[in-house]
Amino acid sequence: MQRVPQPPLNPALRDLEGHDFWPGFVAALIGIILTFCGVRHLTAVDTVDGGNASETQLIKAFTFDGLQYASKVSSPPPPRGDDPEALERWARKNREAEAPTWKVRVDTAAKTPCPT
Amino acid sequence: MECPVPECKQRQPTELGRKLKRVRPWVQTGFLGVWLAPVGQWLHGIPSCVFHCYSCPLSSFACPIGVAANYAALLPVTMEIPYLLLGVLLLVGAAGGSLVCGWACPFGFVQDLLAKVPVKKVALPAWVGYTRYVVLVGLVILLPLILGFKGIPFGDQVISICRLCPAGALEAGLPASAQSVMAGHGWPMSWLKTLILATFIGSALFIHRPWCRIFCPLGGLLALFNRFSLFHLRFKPSECVECNLCRSRCPMGVNVDKQVNVSGCVRCLECSTCGALEPCFALPKDNSKPALPK
């Protein structure tokens with residue numbers, strides 16, 4: 001080990017750096033309360049099965065690629081070939097299809113590893 | 001500069017310091033068993049307090065930084081407050097500051113092991129530590145907030161910080177790529193991520209804990225608690241003989257001889273080997289009590 005030389009310093013004048021108990025204690029207490037609330041908290045995000053997702057389900061969805069976005073739900077591709085009737089049916093079906101009422105929802109059964 | 005203290009070179013590490021040095025790798029190995037427990041897959045709904053990729057096939061908890069970035073990406077769609085994440089980080093930070101970085105973080109442990117390779121280490125200036133806050137605000141909060149679930153380089157469902165994270169490359173990308181190569185499907189990890197991983201491993205040989213010191217947003221966040229956490233290091237002037245063993249032992253390049261409870265410290269407690277710096281807990285009446293028996 002290479003010893004770093006000591007700069008001129010008077011140990012008696014140095015700050016002791018002892019910490020006060022209360023700031024740390026209050027912060028830790030707030031942490032405990034937040035953790036407890038978080039475990040029980042129901043988010044505003046829906047699940048695929050219906051109902052609201054809990055915070056742990058939402059976090060699990062992050063890790064297992066379980067978030068579904070309404071904006072990403074794609075319509076079926078147009079029919080191949082030159083059949084005008086099939087094309088008309090496809091266009092009518094697309095018009096009639098209701099827009100999803102949700103913006104984002106949680107698939108609690110998702111098990112896909114995150115694509116990191 | 002020549003050391004003015006005659007007994008400086010003769011000063012030997014204290015028994016407590018020797019003990020801590022011996023014990024720390026074993027504690028880190030023990031925590032590895034917690035973060036890499038395959039039976040704990042159901043705990044993925046709970047964020048951990050260390051930097052560890054949740055895409056790792058053996059990970060048991062969720063990565064707090066990945067979770068924070070995901071919450072930020074969710075903000076344009078729905079406003080959700082991450083109570084659980086904030087609670088875990090506040091609790092861990094207030095209790096021990098960055099103690100988990102030095103004793104429990106698996107990614108820090110990997111870097112500690114890489115630093116054992118006997119190569120001359122490069123010293124870094126203290127200001128590089130502020131980059132961690134740029135990463136925290138820019139990559140973890142602002143960019144996901146603006147781009148949503150698109151990352152850099154643009155892609156679907158990939159958060160920017162995860163796209164660029166060497167922990168993800170090491171713990172998730174590398175096993176997946178090895179599996180793919182063995183199955184004859186080639187190397188699936190992107191060139192960017194492979195380059196980041198190679199650079200990280202290379203730099204960890206020459207710089208002690210480069211990720212923790214320059215980029216780690218979680219370490220930066222937890223280090224903010226170092227100034228008032230219950231567990232802390234206290235200076236005992238009566239024990240100080242100005243030998244500067246404390247600063248010489250610090251692998252993180254902190255000016256321990258001036259101030260120790262600072263944001264650059266990972267609380268590995270190497271500096272306590274001199275005996276003048278004592279790990280202790282803050283208590284309500286008596287100012288503090290030694291955390292470890294001598």
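A few notes on this one:
- Within the option set B:Gly219, B:Gly173, B:Gly168, being at pLDDT 95 or above, closer than 26 Å to B:Trp35 by Cα and surrounded by 24 or more Cβ atoms within 10 Å (Cβ to Cβ) holds for one residue only, B:Gly219.
- Whichever residue in the range B:80-90 is in contact with a Ser or Thr (Cβ under 8 Å, 6 or more places away or on another chain) and either touching a residue at least 40 places away in the same chain (Cβ under 8 Å) or in a loop (DSSP other than H, G, I, E, B) (or both) and, among such residues, is farthest from B:Leu145 (Cα to Cα): B:Val88
- Residues of the range B:55-73 that turn out to be at the interface with chain A (Cβ under 7 Å from one of its Cβ atoms) and free of Cβ contacts under 8 Å to residues at least 24 places away in the same chain, as a count: 2
- Members of the range A:23-58 found to be part of a helix (DSSP H, G or I) and over 14 Å from B:Gly93 (Cα atoms), listed by number: A:Ile33, A:Phe36, A:Cys37, A:Gly38, A:Val39, A:Arg40, A:Glu55, A:Thr56, A:Gln57, A:Leu58
- Qualifying residue in the range B:235-250 (condition: without any contact (Cβ under 8 Å) to a residue 12 or more places away in the chain, within 21 Å of B:Lys21 (Cβ to Cβ) and at the interface with chain A (Cβ under 9 Å from one of its Cβ atoms)): yes
- Here B:Val241 does not qualify as buried (at least 24 other Cβ atoms within 10 Å of the Cβ) and assigned to a loop (DSSP other than H, G, I, E, B).
- Scan of the range B:255-274 for residues that are buried (at least 22 other Cβ atoms within 10 Å of the Cβ) and in a loop (DSSP other than H, G, I, E, B), ordered by number: B:Val256, B:Asp257, B:Val260, B:Asn261, B:Gly264, B:Cys265, B:Val266, B:Arg267, B:Cys268, B:Leu269
- Within this structure, B:Gly17 passes the test of being over 30 Å from B:Val134 (Cβ atoms), over 17 Å from the mean Cα position of the chain (by Cα) and part of a helix (DSSP H, G or I).
- Exclusive hit being touching a residue at least 60 places away in the same chain (Cβ under 8 Å) and away from chain A (no Cβ under 12 Å), set B:Trp191, B:Trp211: B:Trp211
- For the range B:118-128, the criterion of a residue being among the small types (Gly, Ala, Ser) and over 21 Å from B:Cys265 (Cα atoms) is satisfied by no position.
- Of all residues in the range A:24-63, those being surrounded by 22 or more Cβ atoms within 10 Å (Cβ to Cβ) and either more than 7 Å from chain B (Cβ to nearest Cβ) or touching a residue at least 40 places away in the same chain (Cβ under 8 Å) (or both) number 7.
- A single member of B:Ala178, B:Ala123 is assigned to a helix (DSSP H, G or I) and either away from chain A (no Cβ under 14 Å) or of a type outside the set (Asp, Glu) (or both), and it is B:Ala178.
- Residue, modelled with the lowest pLDDT, within the range B:1-33, restricted to residues that are in contact with a helix residue (DSSP H, G or I) (Cβ under 9 Å, 6 or more places away or on another chain) and surrounded by fewer than 16 Cβ atoms within 10 Å (Cβ to Cβ): B:Gln12
- Candidate set: the range B:90-118, residues that are over 29 Å from A:Pro23 (Cβ atoms) and in contact with a helix residue (DSSP H, G or I) (Cβ under 8 Å, 6 or more places away or on another chain); chosen: the one nearest to the other protein chains (Cβ to nearest Cβ): B:Ala115
The values are calculated or read from the model by the stated rules, or taken from the named source; none is laboratory data. Note that the structure is a prediction, hence the values are computed from the model and not measured. Please note: Cβ atoms are built from the backbone with ideal geometry, for glycine as well, and neighbour counts cover all protein chains shown.
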